[in-house]
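Student: Below you'll find the structure I mean.
The values are calculated or read from the model by the stated rules, or taken from the named source; none is laboratory data. Quick caveat: nothing in here was measured; it's all calculated off a predicted structure. In this analysis, Cβ positions are derived from the backbone assuming ideal geometry, glycine residues included, and neighbour counts consider all displayed protein chains.
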Amino acid sequence: MNAGSGGPQHEPHGWPWRIGLLIGGAMFAFGLYGLLHNATQTIPADWAKWIAGALVLHDALLVPAVLLVGALVTRLAPPALRSGLQGTLAVCGVVALMSVPVVMAAGRRADNPSLLPHDYGQNLAIVLAVILAGGTVLTISRAARAGRRRRAPTPGRSNS
């Protein structure tokens, strides 16, 4: 435990971490091999631009937004609801951000009507509603369980 940290610090080691690293590393290597081996179809330069853009968006938009929303939730929400609200809103933010290309119909072409044929804005709204509903149910049920545990009488003690 580190001094002043308020709790145990978990270092990334042990067999689960190593197995995860091995599997994740193998998946990454396989994807990179496929990207480079099929370079005429995959166009690695376009991937590099996309990844660089995603990193910039992450650092310039997603991180500040998550920090701001997290701070607002911490300030405004009751303690029992905070973590559930923050988690639900973070998932909604990531899903919305990753949906931007299809919602904006990036890549839609008039000569190929089967490319992006749906109303992705409506579909995104449905997915976000499902995430919000599920997150709300989980957050409220967790808060209710925590409240019942706090009110439960301790065996061997009187409640008066």
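Student: Can you run down the residue pairs with Cβ atoms below 8 Å, 6 or more apart or on separate chains, where the first is in region 40-59 and under 22 Å from VAL95 (Cα atoms) and the partner is assigned to a helix (DSSP H, G or I) and of a type outside the set (Gly, Ala, Ser)?
Tutor: Filtered contacts from region 40-59: TRP47/LEU35; LEU57/LEU97.
Student: Further, regarding this structure: Can you find a residue in region 85-107 that is in a helix (DSSP H, G or I), at negative phi and in contact with a His (Cβ under 9 Å, 6 or more places away or on another chain)? First the steps, then the outcome.
Tutor: From region 85-107, those in a helix (DSSP H, G or I) are 85-103; that's our starting set.
From what's left, at negative phi: 85-103.
Filter once more, so that each one left must be in contact with a His (Cβ under 9 Å, 6 or more places away or on another chain): 97, 102.
Yes, some residue in region 85-107 is in a helix (DSSP H, G or I), at negative phi and in contact with a His (Cβ under 9 Å, 6 or more places away or on another chain).
Student: Among the helices (runs of 4 or more DSSP H) confined wholly to region 26-78, which include 2 or more residues that are under 21 Å from GLY107 (Cβ atoms) and within 25 Å of the chain's Cα centre (by Cα)? Spell out the reasoning first.
Tutor: On the way: elements: 39-42, 44-57, 63-76.
Correct list: 44-57.
Student: Here is a further query. Can you name the residue in region 134-159 that is at pLDDT 65 or above and of a type in the set (Ser, Thr, Tyr) and, of all such residues, is farthest from ARG82 (Cα to Cα)?
Tutor: SER141
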